[in-house]
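Any read-out appearing in this document is the output of simple, stated calculations on the displayed coordinates, not a laboratory observation. Please read all numbers here as calculations on a predicted model, not as lab measurements. We place every Cβ from the backbone using ideal geometry, glycine too, and count neighbours over all the protein chains shown.
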Amino acid sequence: MTFQDDCTALKQTPIFRDVDVAKLKLLAIASHRVTLEDGELLLRQGDRSDGVYVLLEGTADVFRETPNGRVKLAQVSHGEVVGEIGVLSGRPYSATIVAAGHLSALQIEKNAFIEILTEVPQIALSIARELGRRLERMNERLAALTK
C-alpha cells in the first residue's frame, strides 16, 4: 500500500470523512501500517496508550482482561477506530484487541491524533458520538444480563 492509499483509507473512515485532504496527508505521514494475522495482539489492556488505530480491513475482537480470564466486549471492523479512549484520557489502554483473521490497520501516533483533534473539532464530536453509541450498547447488554 502507498501513502496515497493510506490517505484514501483515512478519507473513507467515518470520523475523518470531513477532514481537509491536506490535514489527512499530515495524519497519514504520522501513521504507519500494521498487519496482523488471526490471534495476534493489536494492543493490550494496561499498556501505555501511544496511538490510535484505524482498521482498514478485517476484524478484531475487543476483550477486557479480568481475574477470571478474558471477557469479549465487542468485535470491530473496517472503518472503526480503536485505542482512542486511552489516548484521550491519558490512561493505559482499557481493553485488549486481538485480530480475528487477517487485519490491517493504520496506527496514528498519539501527538498527531491530539493535534488533529484540536484543529478539526468535528472529529472530536464524531468520537464523542461513537463513544456514546458504545456506552448505549454496553448498557443494553448489562440490562439483558439482569433479566
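Going through segment 1-23 one residue at a time, which ones are part of a loop (DSSP other than H, G, I, E, B) and among the polar types (S, T, N, Q)?
The initial filter retains those residues of segment 1-23 that are part of a loop (DSSP other than H, G, I, E, B), namely 1-2, 12-13, 17-20.
T2, Q12, T13, listed by residue number.
Only one of these is under 23 Å from A124 (Cα atoms) and in contact with a Cys (Cβ under 9 Å, 6 or more places away or on another chain): A22, A28, A74. Name it. Walk me through it before giving the result.
On the way: A22 fails: in contact with a Cys (Cβ under 9 Å, 6 or more places away or on another chain); A74 fails: in contact with a Cys (Cβ under 9 Å, 6 or more places away or on another chain).
One residue alone meets the criteria, A28.
Residues in segment 50-109 that are outside any strand (DSSP E or B), more than 21 Å from R141 (Cβ to Cβ) and either in contact (Cβ under 8 Å) with a residue 60 or more places away in the chain or aromatic (F, W, Y) (or both): D50, G79, G101, H102.
Conditions tested, residue by residue: (1) touching a strand residue (DSSP E or B) at 6+ places or on another chain (Cβ under 6 Å); (2) surrounded by 11 or more Cβ atoms within 10 Å (Cβ to Cβ).
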position: Q75; (1), (2): yes, yes
position: V82; (1), (2): yes, yes
position: G86; (1), (2): no, yes
position: G90; (1), (2): no, no
position: K110; (1), (2): yes, yes
position: R134; (1), (2): no, yes
position: A144; (1), (2): no, no
